[in-house]
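See below for the structure under consideration.
The values are calculated or read from the model by the stated rules, or taken from the named source; none is laboratory data. Source: prediction; values computed, not measured. Here the Cβ positions follow ideal geometry from the backbone for every residue, glycine too, while neighbour counts run over all protein chains shown.
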Amino acid sequence: MSCGVLFCLLVLGVQTEKADLVFRNGNIYTVTERQPKAEALAIKADRIIFVGSNTEAQKYIGKNTRTIDLGGKTVVPGLTDSHQHLSGVGSREITLNLEGITTLEEFLAKIKERAQQTKPGEWISGRGWIETFWKPPVFPTRWDLDKVTPNNPAFFVRADGHALVANSAALKVAGIDKSTASPPGGDILKDKQSGEPTGMLIDTAQGLLRRHVPPISAADAERAVILGVKRNIELGWTQIQDAGGSYAEVDLFRKLYRQGAIKLRIYKAVHGPSADAERLLNEGPSIGEFGNRFTLRTIKVVADGALGSRGAFLHEPYSDDPGNTGLLRANEETLLPMLKKALRSGIQVETHAIGDRANRFMLDQYEKAFNAVPIEERKVQEPRWRDEHTQIVSPEDIPRFAKLGVTPSMQPSHAIGDLFFAPSRLGLKRLAGAYAWQSLIKSGAIIAGGSDAPVERGEPMIEFYAAKVSKLVSCVMHF
Ligand SMILES: [Zn+2]
């Protein structure tokens, strides 16, 4: 056939482009079903131009091509953590890191050691404790802390970031006592007999204390970002999606990019509704700054708290705390106008929703906004709004994600971390719609995988492992 001949001639006439870099003899995972494994890959500038066999790779090698023999080593595509808190990851390295502690005694010993190195009157803080593995698994109290921090105001944030425990000196500075009422969306836990605050502040109640803590210095804020970036790169992440923050942070990131201090690719959000969110809505998204390394186009909304600290917003009360249905931290009056504006200005919205009632609230709000702003009035036709965590969903709400085009952004390690308390908090019946990766995938939703560090450790291999052992996914294609 004449066109066949012509095609042949054209192919013969084309010189193969030579690569800058060729990797050979690798165990390369491509994450495509058509060609799952390969031996070699070729790179030109910032693009992969070939993936295949060693023999085929030969033709991309020219006199200026650098070749690397991988000697059978494994290569995977650049990994993106779809949900983490970069400054939090870095701060955990600067303040007291309380991860992996298994007893109250060990927790107090670590704090005592830090208190002995701190000048009297200076604040002490830290993050990462989780009482679920302690015996008994109960929250620490101010009275525990008072024994080891007699001369300093001190507070320590639970791993999930949704609760903290403060000592008596810190509560005193904040003016929190018996008579202080819990703020909306928060809880000041009080001793059942004496009515005194126990030191545990849940969700928005943390703000009553935090506003009295001297702000982190500019130098420490910068150090936290650099340490966070370093840790992420060492762990193998090539991009992280930073779930929240402010323009102060955006300015700091830009400054550090300009100085060449950030090699990681960052996709950034700011918290809203807020003045920062309003600014983003007015200025519009900024995509691919600093050589496609920095994008700002998302508003992070928080709909409820976390399951561990019983702040997740539920339809029915907690199985282990009758009368408590958790906390709703958003409201339609301020949220819906912002959502509509976001559709018109091409801004992505991501909402933290853990409890089944918070998830329904979020889906309802998104649906109202989608109905109110027709496609022709939207800046982006497919807005890809997200639901952060999607932990407990009523079975009847599961199909709504795919139908509305909402992306569940989920963390495999939460399913493992919560294993120890989810059954007691929720009861067995409600677990049907909890951590429902398979049902969401089957319903047609595309899940974004992440770690939520520093809530979890933030290691890609832990996330893969958690996804595999919990049978959340049948393969890692969806990660
Ligand atoms: Zn988070």
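In summary, GLY199 fulfils each of the numbered conditions (1) without any contact (Cβ under 8 Å) to a residue 12 or more places away in the chain; (2) not in a helix (DSSP H, G or I) with the single exception of condition (1).
Evaluated against (1) within 16 Å of the ligand (Cβ to nearest atom); (2) within 30 Å of THR32 (Cα to Cα); (3) of a type in the set (D, E, K, R), ARG127 falls short on exactly one condition, (2). For region 203-225, a residue qualifies if it is surrounded by fewer than 16 Cβ atoms within 10 Å (Cβ to Cβ), of a type outside the set (D, E, K, R) and under 23 Å from HIS352 (Cα atoms), and exactly one does: GLY207. Exactly one residue out of ILE416, ILE441, ILE462, ILE447 is among the aliphatic types (A, V, I, L, M) and under 30 Å from GLY323 (Cα atoms), and it is ILE416. For beta carbons closer than 6 Å, sequence separation of 6+ or different chains, a first residue in region 379-399 that is closer than 13 Å to GLY355 by Cα and a second that is within 16 Å of the ligand (Cβ to nearest atom) and part of a loop (DSSP other than H, G, I, E, B), the qualifying pairs are HIS389/ILE354; GLN391/ILE354; ILE392/GLY355.
Of all strands (runs of 3 or more DSSP E) completely enclosed by region 45-127, which ones contain at least 3 residues that are of a type outside the set (Val, Ile, Thr) and under 30 Å from HIS389 (Cβ atoms)? Correct list: 79-84. Return the residues of region 395-441 that are within 17 Å of the chain's Cα centre (by Cα), over 18 Å from LEU314 (Cβ atoms) and hydroxyl-bearing (Ser, Thr, Tyr); say none if nothing qualifies. Listed by number, the residues that qualify are THR407, SER409, SER413. Each residue in region 441-460 was checked for being part of a loop (DSSP other than H, G, I, E, B) and away from the ligand (no atom under 13 Å from the Cβ), and 7 of them qualify. None of ARG384, ARG425, ARG400, ARG378 is over 23 Å from ALA342 (Cα atoms) and of a type in the set (D, E, K, R) except ARG425. I'd like the full set of residues that are buried (at least 20 other Cβ atoms within 10 Å of the Cβ) and within 16 Å of the ligand (Cβ to nearest atom), limited to region 35-92. Scanning region 35-92 gives ASP81, SER82, HIS83, GLN84, HIS85, LEU86, SER87, GLY88, VAL89, GLY90, SER91, ARG92. Suppose we keep only residues that are under 13 Å from THR390 (Cα atoms) and of a type in the set (A, V, I, L, M, F, W, C) within region 407-430. Which one would you say is surrounded by the most Cβ atoms within 10 Å (Cβ to Cβ)? Top of the filtered list is MET410. Looking across region 149-179, the residues that are outside any loop (DSSP other than H, G, I, E, B) and closer than 25 Å to ARG457 by Cβ come down to ALA154, PHE155, PHE156, VAL157, ARG158, ALA163, LEU164, VAL165, ALA166. Taking region 265-280 as the range and being away from the ligand (no atom under 16 Å from the Cβ) and crowded, with 21+ Cβ neighbours inside 10 Å as the test, the residues that pass are ALA277, LEU280.
For the criterion of being under 19 Å from ASN167 (Cβ atoms), under 27 Å from the mean Cα position of the chain (by Cα) and not basic (Lys, Arg), GLY78 fails.
Scoring SER409 on the criteria (1) more than 25 Å from GLU463 (Cβ to Cβ); (2) in contact (Cβ under 8 Å) with a residue 40 or more places away in the chain; (3) of a type in the set (S, T, N, Q) leaves a single failure, condition (1). For region 315-343, residues that are part of a loop (DSSP other than H, G, I, E, B) and either free of Cβ contacts under 8 Å to residues at least 24 places away in the same chain or touching a Leu at 6+ places or on another chain (Cβ under 8 Å) (or both) total 8. With respect to VAL173, is the statement that it is away from the ligand (no atom under 16 Å from the Cβ), out of contact with any Pro (no Cβ under 7 Å at 6 or more places or on another chain) and in contact (Cβ under 8 Å) with a residue 24 or more places away in the chain true? No. Considering region 213-249, the residues that are touching a helix residue (DSSP H, G or I) at 6+ places or on another chain (Cβ under 7 Å) and free of Cβ contacts under 8 Å to residues at least 40 places away in the same chain include one that is nearest to the ligand (Cβ to nearest atom), namely SER246. The numbered conditions (1) farther than 20 Å from LEU280 by Cβ; (2) more than 16 Å from the ligand (Cβ to nearest atom); (3) surrounded by 24 or more Cβ atoms within 10 Å (Cβ to Cβ) are all true for TRP385 except (1). Only a single item in (1) charged (D, E, K, R); (2) closer than 22 Å to GLY78 by Cβ; (3) at pLDDT 95 or above is not met by ARG47, and it is number (3).
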